[in-house]
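Here's the structure, in structure tokens; my notes come after.
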2 protein chains.
Amino acid sequence: MFSQTVEYALRAVCFLAGQAPVARTTDQIAAATRVPKAYLSKVLQGLSRGGVVHSQRGLGGGITLVKTPDQLTILEVVNAVDPICRIQECPLGLAAHGVRLCPLHKRMDNALAQVEASFRNSTLAEILAEPSESIPLCDFPMPPMPPMQAVATCEGG
Amino acid sequence: MFSQTVEYALRAVCFLAGQAPVARTTDQIAAATRVPKAYLSKVLQGLSRGGVVHSQRGLGGGITLVKTPDQLTILEVVNAVDPICRIQECPLGLAAHGVRLCPLHKRMDNALAQVEASFRNSTLAEILAEPSESIPLCDFPMPPMPPMQAVATCEGG
DNA sequence: TGATAATTGGATAACTATATCCAATTCAAT
DNA sequence: ATTGAATTGGATATAGTTATCCAATTATCA
């Protein structure tokens, strides 16, 4: 139900949060998150226009988060690239329904509201800090990283 | 975030529930729900294969619900045409993540689980019975209906 | 059995999402 | 100023979703 674009954007931001405040290039992000590089650059453009990341051109440039991980929520990332559109008015355009939704669309909108709320309550810092057997994006705890090569071994699909 | 197909399927089933146990033709459903007739017939085929509706060919045929409205949930309708796919395993295919999801994907899956749960808890009967200023699909309480012509006046979009 | 009413499914079109490639642009470092 | 590293954006390709049309099929009623 979530688009590929959302999945990719969250992976990228999650990676950047773990590296903050260091800038990373599109190549580095693509390798770490296993997202097609060419497509990732478009997704990052969306995140940039949405004010989630900052991109710096030129030698030594790259992508950084605009906010610190504890101030950035999943919702902001999602809304930057593929907004959760709440149901504002009757999709059938029925005049009588006006502002109030019918019971059907009220339930659909409630579901969207729940997703919105739970995404609003998750910060990137929280995700990185959560004790878990699985570190986001990695087969192992990630080292600081400078030169950076392809990410560890990986099988399965 | 919900596809057009889901929206159309829910409208159709909602309408049929209000008419149950009378059969309605694709033309009648299309007019009442304002769904393009040709596309609706495809959506209904999906609902039929999914066991949500039964279609009867021939003179006097039409579409009916397989279950009574109090036994049919929104979730069953949604899953018949555009299933909610929970995140079962790490989308990156990281071996180390195995069965357990990382904190990021755990949160995404939780959101899906919430939607699933709230759809599982809504029956069509409940939706029709809910006191509301807006009756599902209609500008006014729907009469029994036989010959049936276009549905009332309607403006806005 | 014949006529009519209804679904079924194949072919096709338009649009959006996903993905790729590359030339142009920008900027830091020297 | 020149060079090299990096993003940017345009053009294009592919796949999936949404939508339409129509001939074929099925089943009921007279």
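Nothing in this text is a laboratory measurement; each read-out follows from the coordinates by a stated rule. Values in this document were obtained by computation on a predicted structure and should not be read as measured data. Ideal geometry is used to build each Cβ from the backbone, glycine not excepted, and the neighbour counts take in all protein chains shown.
Some observations on this one:
- For A:Gln88, the distances from its label point to the matching points in the remaining copies are 3.9 nm, ordered from shortest, with each point set 7 Å beyond Cα toward Cβ.
- Label distances, nm, B:Gln71 versus same residue in remaining copies, Cβ-directed 7 Å point: 5.7
- Beta carbon of chain B nearest to the axis of the rotation taking B to A, residue and angstrom distance: B:Gln114, 2
- Phi-based couplings in Hz for the range A:107-122 (Karplus 6.51, -1.76, 1.60; Gly and Pro marked x): 5, 5, 5, 4, 4, 4, 5, 5, 4, 4, 5, 6, 6, 5, 8, 10
- Here B:Ala38 yields copy-to-copy label distances, from shortest upward, of 3.4 nm, the label point defined as 7 Å from Cα along Cα to C-beta.
- For the range B:77-88, 3J(HN,Hα) per residue [Karplus equation, 6.51 cos²θ - 1.76 cosθ + 1.60, θ = phi - 60°, Hz, x = Gly/Pro]: 5, 4, 5, 6, 10, 7, x, 6, 8, 5, 7, 8
- Label-point separation, B:Glu89 to B:Thr5 (7 Å along Cα→Cβ), nm: 2.5 nm
- Label-point separation in nm, A:Gln56 to A:Asp27, each point 7 Å along Cα→Cβ: 1.8 nm
- Magnitude of the charge dipole, the range B:1-105, Cβ model with Lys/Arg +1 and Asp/Glu -1, debye to 20: 200 debye
- Around B:Val13: net Lys/Arg minus Asp/Glu count, Cβ-Cβ under 14 Å: -1
- Maximal additional length on extending the A:Lys67-A:Tyr39 stretch stands at 7.7 nm, based on 0.36 nm per residue less the C-alpha distance.
- In nm, spacing of pseudo-spin labels at B:Leu112 and B:Glu126 (7 Å Cα→C-beta vector): 2.2 nm
- Taking the fewest neighbouring Cβ atoms within 10 Å as the starting point, the ordered list for B:Lys37, A:Lys67 is B:Lys37, A:Lys67.
- Taking a ≥ b ≥ c as the square roots of the eigenvalues of the Cα gyration tensor, the range B:16-75 is classed as rounded, since a/c falls below 1.5.
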